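Encoded as structure tokens, the structure appears first; notes follow it.
The values are calculated or read from the model by the stated rules, or taken from the named source; none is laboratory data. All values derive from a computational prediction rather than experimental measurement. A quick note on method: Cβ atoms are made from the backbone with ideal geometry, for glycine too, and the neighbour counts reach across all protein chains shown. Quick note on the areas: whole protein, heavy atoms, side chains included, nothing else; ligands and nucleic acids left out. Shrake-Rupley method; radii C 1.70, N 1.55, O 1.52, S 1.80 Å.
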Amino acid sequence: MKKKLEALIQQAVAALKNDGVIAEDTNVSIIIDRCRDAQHGDFASNVAMVLAKPAKMNPRQLAEKLVAALPEDKAITKVDIAGPGFINFFMDSSSQSDIVKLIHEQGLDFGRSQIGAGKKVQVEFVSANPTGPLHVGHGRGAAYGSAVADLLAAVGFTVHREYYVNDAGRQMDILATSIWLRYLEECGEPVRFPDNGYRGDYVSDIARDIYRNAKNEYRRPVDLVLEDIPQDETQGGNKEAHIDALIARAKTLLGTTGYRDIFQTGLNNILDDIKKDLQEFGVDYQKWFSEQHLMDDGSVEKALKRLQTSGHLYQKDGATWFASSQLGDEKDRVVRRENGQYTYFASDIAYHMNKLDRGFDQIIDIWGADHHGYIPRVKAAIQALGADAAKLKVLLVQFATLYRGEEKVQMSTRSGEFVTLRQLRDEVGKDAARFFYVMRRSEQHMDFDLQLATSKTNENPVFYVQYAHARVCSVLRQLVEKGWPRDIVSGMENLAQLTEEHELNLLSTLERYPEALERAALTHEPHQLILYLRELANDFHTYYNAHQFLVEDANIRDARLNLICAVKQVLANGLKLLNINTPESM
């Protein structure tokens, strides 16, 4: 209905342009809002107030001319002018039921649009270091990023989903060294494990696999491994210096090939697990982008040269600095240390240069909320590379805290391992996990109640929404069991008989689905769609509890069946975009 009103107003504006009331080159974005008070109408537009200045006319007078120029439409019963120049539309209640026909015709495409047609958007999300399994915090970013991408695609954008694999740098060296030390334990070497090593069981599992396949190929005497290594923190020393010395020793004793074998085995094992985990969670990517690739193909050096050419790099204390403070950051940042090594930020600059060079109209990075302070420096880098910093949109995701009823769940084990995404899925299921993760604004902290997520009650929001879909399916099964026919055409012809308050509420809610989808997509707020689906489910359950659908009167029966099938279709459309199943029985 809003689209229809927009088209009618456009025609009125065009007519006034032809009459010389409005200049031919005047552009206007027509906005239609629903009226909060039914006494003021069903819809309202402020178009007369927007056009008043360029038309050099009083807003109310212009509103009168626009109303006079509006084409007639049987769906509109009355048009009023209110206040300083609002145009209020009163709709024919019988036209409300047209939405059922539209949903029936469009099916899975109902609600989708082409607002973003011709625009390429890259959404990079999760991008957790491949140093261990995904935990529940990563799960929220995965569900949110996946939903943001799918919603954008639903309104016409060409969406590229990407995972940035941090497979270079110190953390990966710590992982490789941790695996090697556990491997030495498998070989029987009495190695002391470093305070700063990765302690998860998965490290030992990878080490055992290496030993099973390679036996003693990578074994080195413990005396050589620990010779002249600085003391660890619990030994009264420095844990950072200790682990760095062990990394250097591993590279020396294993040689380039041996070290690369251990490194690559650990990376591939963990990355394969992450890919499998995300796929089972309903998350897919077009590209897994390697940080190491940026090093190998010279992209990092190329990015720094581009910054050097634009005058944004300088030397200080033997290091190379990016003058990001000149572009909105709180201070300048090191991009190459005095030892010649690139910083993590240097790789990030190269990665964003790569994104820009691929021609995306918008770049969306989804980060943990603890990375908030990183935004100004990345935007500064984009600007220094000669691009518009506004091309980058950073969306932040807060951590999730697990509860079981009133009791807070321990989020990590004694060894520091977080509860994994896989453990969460095993307990509550994919559907509940994804629904709960996007039920709140991403930047809001969330309490995830495991007990609620697995309950089969109306208090469980995902159960409540899915149950509405299952209830419609149940009604259709009952129809077959009774041996009664269903006449869809007759149902459409008799939709005007749906005059009960619950039926009119449902029709109104169904009509708002395209708006809810568009708003959720363009604001990057999947929770808006969740709110809509919960409202639709509530309207349906209320209707279900108040009325019988399988009545003797075939005309009423068919009309009501068409209405609830429209509800079923919209629930399916919305849940599909969130990658949540639509059960036919519960």
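Annotations for the structure displayed:
- The chain: antiparallel DSSP beta bridges as a percent of all, rounded to 5: 50 percent
- Along each principal axis, Cα extent of segment 289-438, largest first, Å: 58, 37, 31
- Legend: P(r) of segment 358-439 from all alpha carbon pair distances, 10 Å bins from 0, whole percents, reading 14, 33, 25, 20, 8, 0.
- Rounded to whole Hz, the Karplus (6.51, -1.76, 1.60) HN-Hα couplings of segment 149-160, x for glycine and proline: 5, 5, 5, 4, 5, 5, 10, x, 6, 8, 10, 10
- Segment 498-529-segment 228-265 distance, computed between alpha-carbon centres (Å): 58 Å
- The calculated FRET efficiency for residue 444 paired with residue 158, based on their beta-carbon distance and R0 = 35 Å, is about 0.75.
- Helical runs (DSSP H, four residues minimum) scored at -39500 (n - 2.57) apiece and divided by the length of the chain put the mean residue ellipticity at 222 nm at -16500 deg cm²/dmol.
- The region of the chain that goes longest without hitting one of the GluC sites (Glu not before Pro) in a DSSP loop, each with at most 10 other Cβ atoms within 10 Å, is 73-226.
- Computed over the alpha-carbon atoms, segment 50-193 gives an Rg to Rh ratio of 1.34, Rh here being the Kirkwood radius from the mean inverse distance.
- Cα convex hull, the chain: 203 Å³ per residue, rounded to a whole number.
- Per-pair calculated FRET efficiency, R0 = 56 Å: residue 271 and residue 500 via Cβ, rounded to 0.05: 0.50
- Within the assembled protein chains, the solvent-accessible surface assigned to residue 585 is about 80 Å², based on a 1.4 Å probe.
- Isotropic mean projected area of the C-alpha convex hull, segment 144-261 (nm²): 10.1 nm²
- Label-zone membership for segment 192-210, site residue 253, 7 angstrom Cα→C-beta point, backbone N under 13 Å: 192-194
- Spin-label zone in segment 447-485 - amide nitrogen under 18 Å from a point set 7 Å from the Cα of residue 554 along the C-beta vector: 479-485
- Using the Cβ-Cβ distance between residue 401 and residue 361 with R0 set to 30 Å, the FRET efficiency from 1/(1 + (r/R0)^6) comes to roughly 0.25.
- Within segment 13-74, all pairs of alpha-carbon atoms sorted by distance into 5 Å bins from zero give the percentages 4, 17, 25, 27, 15, 8, 3, 0.
- 25 Å Cα-Cα threshold exceeded, pairs from 120/287; 120/276; 2/355; 2/65; 3/568: 120/276; 2/355
- Centroid-to-centroid, using Cα positions, segment 561-582 and segment 343-373 are 36 Å apart.
- Rolling a 1.4 Å probe across all protein chains gives residue 296 an accessible area of roughly 120 Å².
- Positive minus negative residues near residue 124 (Lys, Arg vs Asp, Glu; Cβ under 10 Å): +1
- In this rough spin-label picture, where each label sits 7 Å from Cα along the Cβ direction, the residue 410-residue 170 distance is 3.0 nm.
- Label-to-label distance, nm, for residues given as residue 519 and residue 470 (7 Å Cα→Cβ offset): 2.9 nm
- The distance between label points at residue 92 and residue 204 comes to 7.5 nm (points 7 Å beyond Cα on the Cα→Cβ vector).
- Cα-based Kirkwood hydrodynamic radius, segment 306-362, one decimal, Å: 12.2 Å
- Amide N proximity, segment 561-581 versus residue 490 label position 7 Å along Cα-to-Cβ, cut-off under 16 Å: 561-563
- Angle of helix 513-522 to the longest C-alpha principal axis of the chain, folded into 0 to 90 degrees and rounded to 10: 30°.
- Computed Kirkwood radius, in angstrom, where 1/r is averaged over Cα pairs of segment 184-314: 17.9 Å
- Pairs of alpha carbons in segment 185-239 whose separation is greater than 18 Å (percent): 43 percent
- Distance cut-off 23 Å, percentage of C-alpha pairs in segment 377-536 lying past it: 60 percent
- Rolling a 1.4 Å probe across all protein chains gives residue 35 an accessible area of roughly 30 Å².
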